[in-house]
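Structure first, commentary second.
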Amino acid sequence: MGLIAAAIAVGLGALGAGIGNGLIVGRTVEGIARQPELRGVLQTTMFIGVALVEALPIIAVVIAFIVMNKN
C-alpha cells in the first residue's frame, strides 16, 4: 500500500508542476510579446516562479521516500 501512495504522490506532484510550469512560461511569452522591452524582468520573474513550482515534486519525492521507508 505504501508503494501505491508513493507513486500517487510523485505522479500528482509531477503533474501539478508540469501544469504550473506550462502556465508560467506561457504567460511570460505572452508578456514578452506584448512588451518586448520588459523581457529581462519577465524572464527573471519566470525563472523564480519555475523554481518555486519545481519545489513541489521534490517535496513529493521526499514524502514518497518517507512513506516507503515506513514499511
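The values are calculated or read from the model by the stated rules, or taken from the named source; none is laboratory data. Just so it is clear, the model here is predicted, and its values are computed rather than measured. For neighbour counting, all protein chains shown are included, and Cβ atoms are generated from backbone atoms with ideal geometry for every residue, glycine included. Heavy atoms of the whole protein, side chains included, go into the accessibility calculation; ligands, DNA and RNA do not. Shrake-Rupley method; radii C 1.70, N 1.55, O 1.52, S 1.80 Å.
A few notes on this one:
- Shape descriptor for the chain: Rg over Rh equals 1.21 (Cα atoms; Rh from the Kirkwood inverse mean 1/r).
- Average accessible surface area per residue within segment 1-69, 1.4 Å rolling probe, Å²: 70 Å²
- Tilt relative to the chain, helix 39-69 - C-alpha long axis, 0 to 90 degrees, to 10: 0 degrees
- Note on ILE59/GLU30: beta-carbon distance plugged into 1/(1 + (r/R0)^6) with R0 of 35 Å gives a FRET efficiency of 0.75.
- Surface composition of the chain: carbon plus sulfur atoms contribute 74% of the solvent-accessible area (1.4 Å probe, protein chains only, all chains present).
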